[in-house]
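The values are calculated or read from the model by the stated rules, or taken from the named source; none is laboratory data. In this text the structure is predicted, and so the values were computed from the model without any measurement. Virtual Cβ from ideal backbone geometry, glycine too; neighbours counted across all protein chains shown. Ligands, DNA and RNA are stripped out before the accessible areas are found, and what is left, the full protein with its side chains, is counted by its heavy atoms. Shrake-Rupley method; radii C 1.70, N 1.55, O 1.52, S 1.80 Å.
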Amino acid sequence: MITFDKVNKRYDSGQDALVRVSLEMDRGEMVFLTGHSGAGKSTLLRLLTAIERPSGGSVLVAGQNLNRLRNSRIPYFRRNLGIVFQNHQLLFDRNVFDNVALPLTVAGCGRREVGRRVRAALDKVGLLQKEKHNPITLSGGEQQRVGIARAVVHKPAILVADEPTGNLDPRLSEEIMGLFGDFNAVGVTVLVASHDLELIARLRRRVITLRAGQLVFDGVPGRETVHP
Ligand code: ADP
């Protein structure tokens, strides 16, 4: 589903953010991406979502070689993806329903279809009762769940999250990670960047660790380590 083959990323500043990173993720896998601040996690996600282009090597996502993806095709490619940010980027002048509906409205979906899908997404994140609320009246954890509902409302094959629990306390963080696990359980391929090592260790999933742009660990912590 996702292949990085000897991927380099050097920013215009001359900073090498990724150095010969190779990894494979199968359809339906769930993986945590870890590493210190500046290790290259966001850069890897930005390449995967075609926000940035690699300087070398190749990135394949959902059968598409992103090196060959024309800019005009990027919006179509992104329909495969659900993207969750740390600062969930909700619109505070619209209610929860409208925030979640946004990607569907932009894609020109009909009203009944929008209603059906938005309620299905809100139900999955446990916020069906709050569709009329303004997101500003919700707690931090609830706001993040609205962001997740918006990311999955178009039923993407791949869900990508960059530090989705960054501002949350440990209990809420575990709940949010549990939600990602729920989507994975129904077949969504999930990649979550997080530096919350304690939480990740408890979840016993595959972990990929970056250090100064290099992949230094790929495996399940505590089990036999697999060095690249
Ligand atoms: P992480 O998400 O693990 O904190 P990043 O991918 O954000 O790491 O950053 C990796 C390295 O690339 C860091 O040294 C960072 O300063 C640098 N970097 C990130 N974005 C840019 C950019 N747009 N221009 C120049 N350097 C950048």
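Report, ordered by the first and then the second residue, all pairs with beta carbons closer than 9 Å, sequence separation of six or more or different chains, a first member in segment 9-20 that is free of Cβ contacts under 8 Å to residues at least 24 places away in the same chain and over 12 Å from Pro54 (Cβ atoms), and a second member that is near the ligand (Cβ under 7 Å from one of its atoms) and part of a loop (DSSP other than H, G, I, E, B).
Gln15/Gly213
Could you check Ile51 against (1) touching a residue at least 12 places away in the same chain (Cβ under 8 Å); (2) out of contact with any Lys or Arg (no Cβ under 6 Å at 6 or more places or on another chain); (3) within 16 Å of the ligand (Cβ to nearest atom) and say which number it fails?
(1)
Yes/no per residue for (1) of a type in the set (S, T, N, Q); (2) within 20 Å of Phe32 (Cβ to Cβ):
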| position | (1), (2) |
| --- | --- |
| Asn71 | yes, no |
| Phe85 | no, yes |
| Cys109 | no, no |
| Arg116 | no, no |
| Ala121 | no, no |
| Gly126 | no, no |
| Ile136 | no, no |
| Arg150 | no, no |
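Per-residue answers, yes or no, for (1) surrounded by 15 or more Cβ atoms within 10 Å (Cβ to Cβ); (2) in contact with a helix residue (DSSP H, G or I) (Cβ under 8 Å, 6 or more places away or on another chain):
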residue: Glu113; (1), (2): no, yes
residue: Pro135; (1), (2): yes, yes
residue: Gly141; (1), (2): yes, yes
residue: Ala157; (1), (2): yes, yes
residue: Asp162; (1), (2): yes, yes
residue: Thr165; (1), (2): yes, yes
residue: Asp169; (1), (2): no, no
residue: Arg206; (1), (2): yes, no
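Give the residues of segment 19-44 that are of a type outside the set (S, T, N, Q) and within 8 Å of the ligand (Cβ to nearest atom), sorted by residue number.
Gly35, His36, Gly38, Ala39, Gly40, Lys41, Leu44
Which of (1) more than 12 Å from the ligand (Cβ to nearest atom); (2) small (Gly, Ala, Ser); (3) in contact with a helix residue (DSSP H, G or I) (Cβ under 8 Å, 6 or more places away or on another chain) does Gly56 not meet, given it meets every other one?
All conditions are met except number (3).
One residue is enough: does segment 84-95 have a residue meeting the conditions of a type in the set (A, V, I, L, M, F, W, C) and within 15 Å of the ligand (Cβ to nearest atom)?
Within segment 84-95, one or more residues are of a type in the set (A, V, I, L, M, F, W, C) and within 15 Å of the ligand (Cβ to nearest atom).
Yes/no per residue for (1) open to solvent by 10 Å² or more (accessible area, probe 1.4 Å); (2) in a loop (DSSP other than H, G, I, E, B); (3) touching a Pro at 6+ places or on another chain (Cβ under 7 Å):
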residue	(1), (2), (3)
Leu122	no, no, no
His154	yes, yes, yes
Gly181	yes, no, no
Gly187	yes, yes, no
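When the residues of segment 51-95 are filtered to those that are in a loop (DSSP other than H, G, I, E, B) and polar (S, T, N, Q), which remaining residue is farthest from Val190 (Cα to Cα)?
Checked segment 51-95; the qualifying residue farthest from Val190 (Cα to Cα) is Asn95.
For segment 5-17, give me each residue that is buried (at least 21 other Cβ atoms within 10 Å of the Cβ) and either near the ligand (Cβ under 10 Å from one of its atoms) or in a helix (DSSP H, G or I) (or both).
Residues satisfying the conditions are Lys9, Ala17.
Yes or no: Ala39 in a loop (DSSP other than H, G, I, E, B) and either touching a His at 6+ places or on another chain (Cβ under 9 Å) or not assigned by TED's automatic domain parsing to the domain that holds Val192 (or both)?
yes
Which one of these is outside any helix (DSSP H, G or I), within 16 Å of the ligand (Cβ to nearest atom) and among the hydrophobic types (A, V, I, L, M, F, W, C): Leu210, Leu159?
Leu210
It is to be established whether one or more residues within segment 18-27 are assigned to a strand (DSSP E or B) and over 29 Å from Pro221 (Cβ atoms).
no
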